[in-house]
Amino acid sequence: MGFRERGIEIKSRDQIDKMRVAGRLVGESLELMRAAVRPGVTTGDLDRIAEEHIRSQGGVPSFLGYGHPPFPGTICASVNNEVVHGIPGARVLAEGDVVSLDCGAIVDGWHGDAAITVAVGGPDAVSDDVRRLLQVTEDSLWAGIAAARLGGRLTDISHAVESHVRGHGDYGILEDYVGHGIGTEMHQPPNVPNVGRPGRGPKLVEGLALAVEPMVTLGGKETDLAEDEWTVVTSDGSRAAHFEHTFTLTVNGPWVLTALDGGEARLTEMGAPYGGR
Ligand code: MG
Ligand code: MG
């Protein structure tokens, strides 16, 4: 177990290095699924790709059996108006759908958690507004990570996510679902909201690991829970996107544990420091 201060688990350097192993495995699983997304594929096919890869590398799928009722998949696969927590299965993806793929793995007791949203049939298969929704949501995730600094506050991240989204159009940002601390468990304190004023909440310190996960819609922020008791859908039926990374802060800057390159390319492109080792 890591050291805990007010419920927040502070990891040692070695423990963060173990989280990098879990994070990389999640990142690889997402890339394998992204490459497999095409019309005619089922969300269950994608789930099997992730589970096989995670287990082949000695990891354990963290979503499987999680919560009540126990979640039945390795991934969450959420299509179109489904925002998060969709159950993978027989649903066949069609050209023009968007599918959000959320994946978590445990390696040696340490968790990684990340998500992407993919246009089925490629970017040209969806309308301009849907294509922009995906871009804005992904960019807002990176804006949030890039805003994190040692000595800063947690809602600096929230504020950066919100500002990016609001600055690019009239989107809904979910408030009932948030990012989270992560480490020896998938969901730990503190919550990481996707809206808010900066300068509030816990101080950002070395050894903190956070999952940042903006959930953005083409309509409003209100959601409903489907009859399966898991799938979160937009109340107005609008399409949604979800991107997530697990990251930490080193003395040099953010290190994105679930990005294959640690976030180096993207952070550098944004003019932000990169804290990977
Ligand atoms: Mg996730
Ligand atoms: Mg998460």
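When region 183-195 is limited to residues that are assigned to a loop (DSSP other than H, G, I, E, B) and out of contact with any helix residue (DSSP H, G or I) (no Cβ under 8 Å at 6 or more places or on another chain), the one that is least open to solvent (accessible area, probe 1.4 Å) turns out to be MET186. The strands (runs of 3 or more DSSP E) located wholly in region 54-127 that include 2 or more residues which are more than 16 Å from ligand 2 (Cβ to nearest atom) occupy 98-107, 110-119. Does ILE75 satisfy the criteria of being within 24 Å of LYS18 (Cα to Cα), under 17 Å from the mean Cα position of the chain (by Cα) and either open to solvent by less than 70 Å² (accessible area, probe 1.4 Å) or not aromatic (Phe, Trp, Tyr) (or both)? The answer is yes for ILE75.
Residues that are open to solvent by 10 Å² or more (accessible area, probe 1.4 Å) and under 30 Å from ASN81 (Cα atoms) within region 244-258 comprise just one, HIS245. Scanning region 147-180 for residues that are in contact with a Leu (Cβ under 6 Å, 6 or more places away or on another chain) and closer than 19 Å to ALA114 by Cβ yields one hit, ALA148. Taking the conditions exactly as written (crowded, with 22+ Cβ neighbours inside 10 Å and assigned to a helix (DSSP H, G or I)), does LEU46 satisfy them or not? Criteria met by LEU46.
Name the single residue that is farthest from ligand 1 (Cβ to nearest atom) among those in region 196-222 being of a type in the set (Val, Ile, Thr) and open to solvent by less than 30 Å² (accessible area, probe 1.4 Å). Top of the filtered list is THR217.
Only residues that are surrounded by fewer than 20 Cβ atoms within 10 Å (Cβ to Cβ) and in contact with a strand residue (DSSP E or B) (Cβ under 6 Å, 6 or more places away or on another chain) were counted across region 259-277, and they come to 2. The conditions of being within 15 Å of ligand 2 (Cβ to nearest atom) and within 22 Å of ARG131 (Cα to Cα) are met by VAL212. Scan region 128-141 residue by residue and report those that are open to solvent by less than 40 Å² (accessible area, probe 1.4 Å) and either assigned to a strand (DSSP E or B) or touching a residue at least 40 places away in the same chain (Cβ under 8 Å) (or both). Across region 128-141, the qualifying residues are VAL130, LEU133, LEU134, VAL136, THR137, SER140, LEU141.
The values are calculated or read from the model by the stated rules, or taken from the named source; none is laboratory data. Source: prediction; values computed, not measured. In this analysis, Cβ positions are derived from the backbone assuming ideal geometry, glycine residues included, and neighbour counts consider all displayed protein chains. For the accessible areas, the whole protein counts, side chains as well, though only heavy atoms, and no ligand, DNA or RNA atoms are used. Shrake-Rupley method; radii C 1.70, N 1.55, O 1.52, S 1.80 Å.
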